[in-house]
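Take a look at the structure set out below.
The values are calculated or read from the model by the stated rules, or taken from the named source; none is laboratory data. Computed from a predicted structure; not experimentally measured. Every residue, glycine among them, receives a Cβ derived from its backbone with ideal geometry; neighbour counts consider all protein chains shown.
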Ligand code: UTP
């Protein structure tokens, strides 16, 4: 069985420096499941360094294409660190950060790691594309936020969503597009559409290895599951 994990950049690189403790425990978890025969595609996000470098590029007069190109390098640097960590844990991992989905699909190792690929998208979209390429039916999205809410969790009355369908997810993503800059929704709209077209089950969990393990194994967890035919909040 293949599972794709979208590892938000903030889980690897929060505010100040790379999170070695998380990298180590996450790698041990991947070691356990991959030794049992599971195959993983992991896409790593850029986190704070990506935003810092993209902003610096803009201040220097670069356009959005170049800002994205610079940010992609941050995703790949985080992905490189993850490969080192997986290697140290004894995981059968492909030893370079891939940016080609065909290569990722055919790599002979149990685990492949990617960063960003082309400007104009995010690692959410890369992760769903990788899931499609690998024919994975499950994608686990790991970020600093432990679940999806029906409105920004900072707002009063925000309710955690245990399960929603693809339409519900897209509605949340569209609403968040209208919010002010810097309040990114957890999953971008292109990624939502691609997941829906291929019926890829999405699990949103926080950076907690226990929760990640439950999502991989198909056990109930404290995050949010997105799949077909689940009634969204507010619908009867
Ligand atoms: P991320 O996907 O990591 O951005 O890519 P994010 O949504 O801010 O997620 P976190 O913070 O990592 O969880 C970082 C930036 O890299 C560029 C975009 O500029 C994106 O905002 N990028 C990433 C691309 O241009 N193409 C890609 O395929 C991936």
I'd like to check something: does region 13-28 contain any residue that is near the ligand (Cβ under 9 Å from one of its atoms), under 26 Å from residue 129 (Cβ atoms), in contact (Cβ under 8 Å) with a residue 40 or more places away in the chain and touching a helix residue (DSSP H, G or I) at 6+ places or on another chain (Cβ under 8 Å)?
yes
Just need a number here: residues in region 126-160 that are surrounded by 21 or more Cβ atoms within 10 Å (Cβ to Cβ) and either touching a strand residue (DSSP E or B) at 6+ places or on another chain (Cβ under 6 Å) or without any contact (Cβ under 8 Å) to a residue 60 or more places away in the chain (or both).
10
Looking at (1) on the phi < 0 side of the Ramachandran plot; (2) in contact with a helix residue (DSSP H, G or I) (Cβ under 7 Å, 6 or more places away or on another chain); (3) within 13 Å of the ligand (Cβ to nearest atom), can you tell me which one residue 76 breaks?
(2)
In region 57-72, what count of residues is obtained for those that are within 24 Å of the chain's Cα centre (by Cα) and more than 9 Å from the ligand (Cβ to nearest atom)?
1
Take residue 139 and decide whether it is closer than 22 Å to residue 76 by Cα, under 18 Å from the mean Cα position of the chain (by Cα) and part of a helix (DSSP H, G or I).
no
Of the conditions (1) under 20 Å from residue 188 (Cα atoms); (2) surrounded by 14 or more Cβ atoms within 10 Å (Cβ to Cβ), residue 112 fails just one. Which one is it?
(1)
What about residue 202, is it at pLDDT 95 or above, over 18 Å from the mean Cα position of the chain (by Cα) and over 27 Å from residue 55 (Cβ atoms)?
no
Determine the pairs where a residue that is modelled with pLDDT of 90 or more, located within region 176-199, has a partner that is in a loop (DSSP other than H, G, I, E, B) with Cβ atoms under 7 Å apart, the partner being 6 or more residues away or on another chain.
190/121; 199/228
Which one of the conditions (1) over 19 Å from residue 2 (Cβ atoms); (2) assigned to a loop (DSSP other than H, G, I, E, B); (3) within 11 Å of the ligand (Cβ to nearest atom); (4) in contact with a helix residue (DSSP H, G or I) (Cβ under 8 Å, 6 or more places away or on another chain) does residue 145 fail to meet, given that it meets all the rest?
(4)
Those residues of region 98-117 which are in contact (Cβ under 8 Å) with a residue 24 or more places away in the chain, within 16 Å of the ligand (Cβ to nearest atom) and either farther than 21 Å from residue 27 by Cβ or out of contact with any strand residue (DSSP E or B) (no Cβ under 6 Å at 6 or more places or on another chain) (or both), in sequence order:
101, 102, 116, 117
